[in-house]
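Take a look at the structure set out below.
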Amino acid sequence: MLPRPVFVGLSRFRWLILPCLAPLVLLAAEPVARKRVALVIDDGPDLRQNTAMLALLAREHVRVTFSYIGKNVVAHPALAQAAATAGHEIINHSFTHPHLKPMSDADIAREAADTTAEIEQAIGRKPAWFWSPYLEHDDRVDAAVRRATGLDHFPFTKFHFIGSLDWEAPTTPEKYFQLSTTGIVDGTVILMHEWPAVTLAKLPDVIAELKKQGVEFVTFSDLAKPAAR
Ligand SMILES: [Zn+2]
């Protein structure tokens, strides 16, 4: 038994304490919203930064989607294999990185099919998606690619798309960081490249900030998985 004066003292505060606890209970009951982000790293495999980039992603425990150019895979099949072995998703970014829309169906088919063949030879499986250079494609390009390879163009317009502009000169680490970490929602695709120095230097800060925002890093295929999309 508490001495009477103490008991009275506590009970006087119960109306103050209970309303304070109520929001905490509500907070605990609320399901945690997912914030899935797919980083797509274009134009590799590129000898200049590939190994350092893979080491960085391994350190950060982040899986990405690497969009590979066929002729680069021919030049560096071991780099493509290392990325695939590390668990990253590999996709087809054409053979020579041309503007596809003015090209004939046969030439588009060759760009896509040759790249799929080289990726398959390097990593032992087909690329997961087609991803057009400069994001320039239309129904005819998509159909030609699909006939030649069975691959769909990744439907990035269904997601929140961010271009990090790491490929534009002059960019700055601050601009790249700001673009890559602002307005992130569940189902965001962020385009960056394997070769710019700014990307390699600032990506750890970008990843740290995104993790702070509660981001879960996924691949294109992970993002496309839910049937509702
Ligand atoms: Zn590209």
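The values are calculated or read from the model by the stated rules, or taken from the named source; none is laboratory data. None of the values given here were measured: they were computed from a predicted structure. Quick reminder, even Gly has a Cβ in these numbers, built from the backbone with ideal geometry, and neighbours come from all protein chains shown.
Points to keep in mind about this one:
- Yes/no for ALA75 being over 18 Å from the mean Cα position of the chain (by Cα), among the hydrophobic types (A, V, I, L, M, F, W, C) and modelled with pLDDT of 95 or more: yes
- Of residues in the stretch 189-229 being outside any helix (DSSP H, G or I) and among the basic types (Lys, Arg), the one nearest to the chain's Cα centre (by Cα): LYS225
- Residue match in the stretch 172-188 (condition: assigned to a loop (DSSP other than H, G, I, E, B), over 27 Å from ALA208 (Cα atoms), of a type in the set (A, V, I, L, M, F, W, C) and in contact (Cβ under 8 Å) with a residue 40 or more places away in the chain): no
- Residue that is farthest from the ligand (Cβ to nearest atom) [pool: residues in the stretch 157-211 that are more than 17 Å from ILE41 (Cβ to Cβ) and of a type in the set (Gly, Ala, Ser)]: ALA208
- Pairs where the first residue, in the stretch 45-72, is within 21 Å of PHE220 (Cα to Cα) and of a type outside the set (D, E, K, R) and the second is within 13 Å of the ligand (Cβ to nearest atom) and assigned to a helix (DSSP H, G or I), C-beta under 7 Å, 6+ apart: PRO45/ASN72; GLY70/THR115
- Checking each residue in the stretch 91-107 for being surrounded by 21 or more Cβ atoms within 10 Å (Cβ to Cβ) and in contact with a Lys or Arg (Cβ under 8 Å, 6 or more places away or on another chain) picks out only PHE95.
- Some residue of the stretch 135-145 being in a strand (DSSP E or B), out of contact with any Phe, Trp or Tyr (no Cβ under 8 Å at 6 or more places or on another chain) and at pLDDT 95 or above: no
- Just so you know, in the stretch 29-51 the residues that are aliphatic (A, V, I, L, M), modelled with pLDDT under 95 and more than 18 Å from VAL185 (Cα to Cα) include one that is surrounded by the most Cβ atoms within 10 Å (Cβ to Cβ), and it is LEU47.
- Complete set of residues in the stretch 124-150 that are within 16 Å of the ligand (Cβ to nearest atom) and among the hydrophobic types (A, V, I, L, M, F, W, C): TRP129, PHE130, TRP131, LEU135, VAL141, VAL145
- Hits in the stretch 148-163 - residues which are without any contact (Cβ under 8 Å) to a residue 40 or more places away in the chain and either in contact with a Ser or Thr (Cβ under 7 Å, 6 or more places away or on another chain) or part of a helix (DSSP H, G or I) (or both): HIS153, PHE156, THR157, HIS160, ILE162
- Any strands (runs of 3 or more DSSP E) falling wholly within the stretch 34-123 and containing at least 3 residues that are within 16 Å of the ligand (Cβ to nearest atom) and not hydroxyl-bearing (Ser, Thr, Tyr): 36-44, 89-92
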